[in-house]
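K.L.:
One structure, as structure tokens, below. Some questions next.
Values in this text are rule-based calculations from the coordinates and carry no lab data. What you see is a predicted model, and the numbers here were worked out from it, not measured in a lab. Cβ coordinates were reconstructed from backbone atoms using ideal geometry, including for glycine residues, and neighbour counts include every protein chain displayed.
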Amino acid sequence: MKVPAGWYVILSSTELKKNRPTAIERFGRSLVVWRKSSGEPVITSDQCPHRGVKLSLGTINKDCIVCPFHGFEFDSAGSCQLVPETKKSAVNLTVPTFSATEKHGFIWMWLGEEANSAATQTHWFDELENPKLVYSEHSDVWPIHVTRCIENQLDYAHLPYLHRNSIGRGFDVSIKRDFQLDDKQITLSFKDGGGFQFKFPNIWRLVIKPGSFYQMLAFVPINEQSTKIYARSYQSFVTFSGLKPLVDIISNYQNSVILNQDKYAVISHSPNSSIDATNEKLYPSDHGIDWFRKKWLEKSATTSAVQN
Ligand code: FES
Ligand SMILES: [Fe+2]
């Protein structure tokens with residue numbers, strides 16, 4: 001799968017337990033994610049280089065993942081540190097690894113030239129750094145290419161139609177709205193301080209009430225045909241921890257109702273990827289989408305993009 005180079009949210013931190021390798025498919029690749037004894041995440045290909053079984057079926061021994069088949073052990077750099085029958089390491093036996101980091105309650109994976117991973121920062125939203133904010137989270141899988149999911153969140157003209165009974169009630173699409181566009185992000189600000197912002201390559205946030213209420217989404221490519229969406233509500237108005245579980249249930253419910261309204265239409269898109277949608281007729285409200293397509297293509301065309 002070809003996507004722009006960059007740091008991608010790929011998993012929620014809560015999904016990655018200590019001492020339990022987790023199998024995932026991302027960017028069309030089978031990967032295993034696991035934690036070192038320090039808690040640091042490691043991402044490797046989910047295929048043992050000895051005889052090809054899934055490493056995710058194995059166990060973790062200190063800072064190595066142990067293949068379930070013959071017990072070969074691989075460290076966080078992918079090098080084989082132990083072949084049980086020789087009782088030695090085998091430096092030439094390696095499993096591909098990917099740079100990983102953990103921030104903001106997510107596991108992030110670097111896609112691109114390995115040498116650039118340390119020099120490039122993960123992106124995040126300044127507004128969500130406020131320590132008073134707490135979040136609830138849920139996720140869903142949509143059977144459609146990641147570009148279609150992202151574009152849906154850059155499209156305000158669908159609000160009074162798909163969301164006529166919820167967030168789109170009374171929204172006037174005929175009022176012209178200006179996007180701010182640059183290489184790193186796409187922003188639409190409303191007069192009341194609300195608005196949304198997408199940061200390349202895969203995170204988005206909506207301001208519902210400045211300073212106290214936000215929605216945040218991460219669009220995680222599973223493969224060409226499916227995308228996992230992590231949806232979070234950040235809020236600061238319920239500080240009493242006894243009420244937090246109830247607020248989480250309500251926030252997740254509201255989020256999933258709105259996202260299901262989106263999903264209903266978005267998964268019906270044809271073609272599957274918006275990059276192939278060269279015959280679509282875009283209107284002024286699609287200006288953010290038009291920019292997104294150009295940038296996504298441009299960034300994917302660089303040599304540092306990853307192709308399976
Ligand atoms: S297949 Fe993994 S150790 Fe043999
Ligand atoms: Fe929507």
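K.L.:
What list do you get for H269, H70 if you sort them by fewest beta carbons within 10 Å?
P.N.:
Listed from fewest to most nearby Cβ atoms, that is H70, H269.
K.L.:
Related question: Would you work out which of N223, I10, P41 lies farthest towards the positive end of the dipole of the chain? Charges go on Cβ: Lys and Arg +1, Asp and Glu -1.
P.N.:
Value computed over the given set: P41.
K.L.:
Further question: Give me the compactness ratio for segment 167-260, meaning the Cα radius of gyration over 2.2 N^0.38 Å.
P.N.:
Taking the Cα Rg and dividing by 2.2 N^0.38 Å, one obtains 1.23.
K.L.:
On to the next question. Is there a quick way to get the dipole size of the chain? I mean about its Cα centre, with the Cβ of Lys and Arg at +1 and of Asp and Glu at -1; what is the value in debye to the nearest 20?
P.N.:
480 debye
K.L.:
Rounded to whole Hz and in sequence order, give me ³J(HN,Hα) for segment 30-35 from the Karplus expression 6.51 cos²θ - 1.76 cosθ + 1.60, θ = phi - 60°, writing x for Gly and Pro.
P.N.:
For segment 30-35, the Karplus-derived couplings read 8, 10, 10, 10, 8, 10 Hz, x marking Gly and Pro.
K.L.:
When the Kirkwood radius is taken over all Cα pairs of segment 6-113, what Stokes-Einstein diffusion coefficient follows at 20 °C and 1.002 mPa s, in µm²/s?
P.N.:
156 µm²/s
K.L.:
For segment 126-300, what are Rg and Dmax over the alpha carbons, in angstrom?
P.N.:
16.1, 53
K.L.:
What is the helix-to-structure angle for 244-266, meaning the angle in degrees between its Cα long axis and the longest Cα principal axis of the chain, kept from 0 to 90 and rounded to the nearest 10?
P.N.:
80 degrees
K.L.:
Please return the longest stretch of the chain lacking exposed loop sites, where chymotrypsin sites (Phe, Trp or Tyr not before Pro) count only if DSSP places them in a loop and at most 12 other Cβ atoms lie within 10 Å.
P.N.:
1-189
K.L.:
Separation between the D155 and Q225 pseudo-spin-labels, each 7 Å from Cα along Cα→Cβ, expressed in nm?
P.N.:
Output for this residue pair reads 2.2 nm.
K.L.:
Something else: Compute the FRET efficiency between E113 and K184 as 1/(1 + (r/R0)^6), taking r as their Cβ-Cβ distance and R0 = 30 Å, and round to the nearest 0.05.
P.N.:
About 0.95, to the nearest 0.05.
K.L.:
Now for a different question. Based on the Kirkwood radius over alpha-carbon pairs, what is the Stokes-Einstein translational diffusion coefficient of the chain at 37 °C with 0.692 mPa s viscosity, in µm²/s?
P.N.:
The Stokes-Einstein estimate is 157 µm²/s.
K.L.:
Most mobile of D172, D262, D63 per a Gaussian network model of the chain (Cα springs, under 10 Å)?
P.N.:
Most flexible of the set in this elastic network: D172.
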